[in-house]
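*Asks:* Let me give you the structure first, and then I'll get to my questions.
The values are calculated or read from the model by the stated rules, or taken from the named source; none is laboratory data. Remember, it's a predicted structure, so these values are computed and weren't measured experimentally. Neighbour counts are summed over all protein chains in view; Cβ atoms, including those assigned to glycine, are modelled from backbone coordinates with ideal geometry.
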């Protein structure tokens, strides 16, 4: 396990999208008006970068191709500063709402745009709203065929049982096109339930003391934390969108507390980008598995 000052280093990631692009407020009519809404993503992402800089931390930024086309300098700046640029797809459409061919076009377009801007391979992908499920497992084959090395879209749906050997670095999934690493966001098993504790709305919902306790428990169990947040979660002044009461609650809850909570999290735990943290572990895992005559797979 990678260490910093004797402490494990975990994965920190951000899904870079506008406040009006979240799935909770999705409608095709609203999608057609995206260019008419106020853009706040560059300001919010820069706030995050400044916070990370103060703590000397690099992170993974899963960026929409739609965002990259409109804010190319933001993408170039993130890459130049040593952060990992990864793909969030192009148009923030749920995988469950796409055909395989439409999904291929989406992830191919995003990868091309990001690679053209950074001059570096884009190897990571995260689906909008973690929408790769058992019903859309075909998407993993397409990711392999399109040149992605890892996915971070599955909320523990392919989890192995406690009796099986589980690497701390995620796990490999076999597809008809080849193998791909899965790096799932962190969840905690409590009272027979799998509780998401990796960030996003859960990080804003739980008191910070509770989140810290959950994450410490996972850390003690030897898990590699995989955290995620969004730039819009640091913007309590963002324009309000119309939507259901539940969508409004989930989206706007405790936005004014997110920056302070993340700052505290960065003091309490050590973080790096997914590529920075995981790549050495994947190589080590392969060597260990090979020496033991095992394969690391789902």
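*Asks:* Quick one: would you say residue 8 is over 25 Å from residue 134 (Cα atoms) and at pLDDT below 95?
*Replies:* Criteria met by residue 8.
*Asks:* Right, something else. Output the number of the condition that residue 157 fails; it satisfies all remaining conditions of (1) modelled with pLDDT under 90; (2) over 17 Å from the mean Cα position of the chain (by Cα); (3) outside any strand (DSSP E or B).
*Replies:* Just one mismatch for residue 157, condition (2).
*Asks:* On to the next question. Do we have any residue at all in the range 51-60 that's farther than 26 Å from residue 187 by Cα, at pLDDT 95 or above and assigned to a helix (DSSP H, G or I)?
*Replies:* yes
*Asks:* In the range 64-71, is there at least one residue being more than 30 Å from residue 218 (Cβ to Cβ) and not in a helix (DSSP H, G or I)?
*Replies:* yes
*Asks:* Go through the residues of the range 107-116 one by one and say whether even a single one is within 20 Å of residue 198 (Cβ to Cβ) and crowded, with 24+ Cβ neighbours inside 10 Å.
*Replies:* no
*Asks:* Filter the range 111-127 for residues that are in a helix (DSSP H, G or I) and touching a helix residue (DSSP H, G or I) at 6+ places or on another chain (Cβ under 6 Å); which is farthest from residue 74 (Cα to Cα)?
*Replies:* Only one residue fits best here, namely 113.
*Asks:* Would you mention how many residues in the range 135-151 are assigned to a helix (DSSP H, G or I), free of Cβ contacts under 8 Å to residues at least 40 places away in the same chain and in contact with a strand residue (DSSP E or B) (Cβ under 6 Å, 6 or more places away or on another chain)?
*Replies:* So the count comes out to 3.
*Asks:* Still on this structure, I have one more. Taking the stated definitions as given, is residue 218 in contact with a strand residue (DSSP E or B) (Cβ under 8 Å, 6 or more places away or on another chain), surrounded by 17 or more Cβ atoms within 10 Å (Cβ to Cβ) and either at pLDDT below 90 or part of a loop (DSSP other than H, G, I, E, B) (or both)?
*Replies:* Criteria not met by residue 218.
*Asks:* State yes or no: is residue 227 surrounded by fewer than 21 Cβ atoms within 10 Å (Cβ to Cβ) and within 27 Å of residue 87 (Cα to Cα)?
*Replies:* Criteria not met by residue 227.
*Asks:* Taking the range 19-33, which residues are within 13 Å of residue 94 (Cα to Cα) and outside any helix (DSSP H, G or I)?
*Replies:* 22, 26, 27 - these are the residues of the range 19-33 that are within 13 Å of residue 94 (Cα to Cα) and outside any helix (DSSP H, G or I).
*Asks:* Going by the structure shown, is residue 248 more than 20 Å from residue 11 (Cα to Cα), surrounded by fewer than 17 Cβ atoms within 10 Å (Cβ to Cβ) and modelled with pLDDT under 95?
*Replies:* yes
*Asks:* With (1) closer than 22 Å to residue 175 by Cβ; (2) touching a helix residue (DSSP H, G or I) at 6+ places or on another chain (Cβ under 7 Å); (3) buried (at least 17 other Cβ atoms within 10 Å of the Cβ) as the list, and residue 63 as the residue in question, which single condition is left unmet?
*Replies:* Going through (1) closer than 22 Å to residue 175 by Cβ; (2) touching a helix residue (DSSP H, G or I) at 6+ places or on another chain (Cβ under 7 Å); (3) buried (at least 17 other Cβ atoms within 10 Å of the Cβ) one by one, residue 63 breaks only (1).
*Asks:* Sticking with this one: Looking only at the range 81-101, count how many residues are over 17 Å from the mean Cα position of the chain (by Cα) and over 28 Å from residue 119 (Cβ atoms).
*Replies:* 6
*Asks:* Follow-up question, since we're still on this one. Quick one: which of 102, 108 is out of contact with any helix residue (DSSP H, G or I) (no Cβ under 7 Å at 6 or more places or on another chain), free of Cβ contacts under 8 Å to residues at least 24 places away in the same chain, under 24 Å from residue 34 (Cα atoms) and part of a helix (DSSP H, G or I)?
*Replies:* 102
*Asks:* Would you confirm whether any residue within the range 133-147 is modelled with pLDDT under 95 and under 24 Å from residue 188 (Cβ atoms)?
*Replies:* Yes, the conditions are met somewhere in the range 133-147.
*Asks:* From the list 48, 78, which residue is within 16 Å of the chain's Cα centre (by Cα), in a helix (DSSP H, G or I), within 21 Å of residue 10 (Cβ to Cβ) and without any contact (Cβ under 8 Å) to a residue 40 or more places away in the chain?
*Replies:* 78
*Asks:* What single numbered condition from (1) modelled with pLDDT of 95 or more; (2) surrounded by 15 or more Cβ atoms within 10 Å (Cβ to Cβ) fails to hold for residue 237?
*Replies:* Here residue 237 clears every test but (2).
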